[in-house]
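The values are calculated or read from the model by the stated rules, or taken from the named source; none is laboratory data. Since this is a predicted model, take the numbers as computed values, not measurements. Cβ coordinates were reconstructed from backbone atoms using ideal geometry, including for glycine residues, and neighbour counts include every protein chain displayed. For the accessible areas, the whole protein counts, side chains as well, though only heavy atoms, and no ligand, DNA or RNA atoms are used. Shrake-Rupley method; radii C 1.70, N 1.55, O 1.52, S 1.80 Å.
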Amino acid sequence: MPLIPRSYKPIFFLLIIIFPFISEAANKKIPIDTLQEFGNKKEIPPQYEKAVLTALSYFPELKDVHIVFKIKKAYTPLTTKPNFASVFKRKDHRTYIITISDQTIDTLKPLLFQNLSFEQQVGVIGHELSHVADFNSKNFPQTIGVGINHISKRYLDKMEFNTDRICIQHGLGKYLLAYSKHVRETMHVHNWRGVDYVNKGNGNGKYERYMNPDTIEKTMKEIQTH
């Protein structure tokens, strides 16, 4: 180990003393009280309030957007869609519904929101909020176009992949990575293409509908260097 110059020794020992406190502060979760401002126009189940508000804190552009988080039995663990009637309204008057499933088939139960860790919950909510941010940036004809294009599997691959990118661009990469790893470890697949493929296989892996963990890490590095 190289010797430390005498002039740098005081700084070196000071860093040793304060590093644990810096590390602790960096890893400390944001108190719920400081997150309440992000709950404006949001209907959130109390048991998931902290995870949802934490994810919302990364989307300042959604601060005044009406979003309803519903819990119900559904095959897909989480889905996002605009309220049909509000599609015809101006962007600042739209309502979006994020459905959180509390019951599904046995194979998908490990992916239910209630069975995820806090980081994984923030990651998957971040992905759903990225859908909202994307939808809310579109005008009426563009929004209708998204609905029509849902019949194309190739379009869905590109859309979901880009949604993960939006999530990472908003600073939620580490949370999305935690969720992505959980899904692939639980479902025993490398290339996860969604619940519609649970009983059909995940294809040849040519297209990533949702970013794989290595792609998330690569994208995080690319974004940080630009």
Residues of segment 146-172 that turn out to be more than 18 Å from Glu61 (Cα to Cα) and within 11 Å of the chain's Cα centre (by Cα), as a count: 0
Could you run through segment 96-107 and say how many residues are buried (at least 16 other Cβ atoms within 10 Å of the Cβ) and not hydrophobic (A, V, I, L, M, F, W, C)? 4
In the set Ile100, Ile125, Ile105, the lone residue that is modelled with pLDDT of 95 or more and in contact with a Lys or Arg (Cβ under 8 Å, 6 or more places away or on another chain) is Ile100
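Residue-by-condition table, conditions (1) farther than 29 Å from Ala85 by Cα; (2) of a type in the set (A, V, I, L, M, F, W, C); (3) free of Cβ contacts under 8 Å to residues at least 60 places away in the same chain:
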{"site": "Val132", "(1), (2), (3)": "no, yes, no"}
{"site": "His150", "(1), (2), (3)": "no, no, yes"}
{"site": "Lys153", "(1), (2), (3)": "no, no, yes"}
{"site": "Arg165", "(1), (2), (3)": "no, no, yes"}
{"site": "Leu176", "(1), (2), (3)": "yes, yes, yes"}
{"site": "Glu185", "(1), (2), (3)": "yes, no, yes"}
{"site": "Asn202", "(1), (2), (3)": "yes, no, yes"}
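Being outside any helix (DSSP H, G or I) and either of a type in the set (Lys, Arg) or over 18 Å from Leu111 (Cβ atoms) (or both) is the filter here; which residues of segment 173-206 pass it?
If the condition is that a residue be outside any helix (DSSP H, G or I) and either of a type in the set (Lys, Arg) or over 18 Å from Leu111 (Cβ atoms) (or both), then Arg193, Lys200, Gly203, Asn204, Gly205, Lys206 are the ones that fit.
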Filter result (small (Gly, Ala, Ser) and open to solvent by 40 Å² or more (accessible area, probe 1.4 Å)) within segment 108-155: Ser117, Ser137, Gly147, Ser152
Which one of the conditions (1) touching a strand residue (DSSP E or B) at 6+ places or on another chain (Cβ under 9 Å); (2) surrounded by 21 or more Cβ atoms within 10 Å (Cβ to Cβ) does His93 fail to meet, given that it meets all the rest? (2)
Take the residues of segment 68-88 that are touching a residue at least 40 places away in the same chain (Cβ under 8 Å) and over 15 Å from the mean Cα position of the chain (by Cα): which is most open to solvent (accessible area, probe 1.4 Å)? Phe88
Subset of segment 176-226, residues closer than 19 Å to Phe113 by Cα, modelled with pLDDT of 95 or more and open to solvent by 70 Å² or more (accessible area, probe 1.4 Å), comes to Lys181, Glu185
Quickly run through segment 46-64 and pick out the residues that are open to solvent by 10 Å² or more (accessible area, probe 1.4 Å) and assigned to a loop (DSSP other than H, G, I, E, B). Ser57, Tyr58, Lys63, Asp64
